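J.: My questions all concern the structure below.
The values are calculated or read from the model by the stated rules, or taken from the named source; none is laboratory data. Predicted, not measured: the structure shown is a model, and the values here were computed from it. Positions of Cβ are backbone-derived with ideal geometry, glycine not excepted, and every protein chain shown enters the neighbour counts.
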Amino acid sequence: MKKLRVRFKLWLSTKNVEGVFGDGKWRLLRAIDSEGSLNAASKTLRISYRKAWGDLSKAEACLNVTLLERHRGGRMGGATCLTKQGKEWVKAYGKFHSEIEKATEKAYEKHIQELLR
């Protein structure tokens, strides 16, 4: 048998809104931070610009924070960068994700890995 590994999807939701913030939006914000624009980030992640824009607008509205600072294009092109709150969300979610990942791996080792021996 091939070695198994734990995989999971993690997201935050409200009672009324699914997927307020999770791995996808976290990766998108990180890509915007490194690429310098929403357009470039959406191309890098192979998602449509419209989906990326909609997802982040939904997150901002639900979280009541401004994650992005947007500068409209023109001849020189536009730019998008993370606000201070956006950077804080990326950092905090990264730590949260890492802790959940470690706990998941520990639970896997405790409950499942023994079955494979």
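J.: Report the residue count in segment 15-44 for those that are over 11 Å from the mean Cα position of the chain (by Cα) and either over 18 Å from Tyr93 (Cβ atoms) or modelled with pLDDT under 95 (or both).
T.: So the answer is 13.
J.: Just to be sure, is Ile47 under 30 Å from Arg117 (Cα atoms), at pLDDT 95 or above and β-branched (Val, Ile, Thr)?
T.: The answer is no for Ile47.
J.: Hey, another quick one. Keeping to segment 93-104, report how many residues are of a type outside the set (Asp, Glu) and surrounded by 11 or more Cβ atoms within 10 Å (Cβ to Cβ).
T.: Here is the first cut: in segment 93-104, the ones of a type outside the set (Asp, Glu) are 93-98, 100, 102-104.
Adding the requirement that they be surrounded by 11 or more Cβ atoms within 10 Å (Cβ to Cβ) leaves 93-94, 96-97, 100, 104.
Count: 6.
J.: Oh, and also: If you check every pair at least six apart or on different chains, which have Cβ atoms under 6 Å apart with a residue in segment 55-71 that is within 11 Å of Leu38 (Cβ to Cβ) and among the hydrophobic types (A, V, I, L, M, F, W, C) first and a residue that is at pLDDT below 95 and outside any loop (DSSP other than H, G, I, E, B) second?
T.: Close Cβ pairs satisfying both conditions: Leu68/Thr80.
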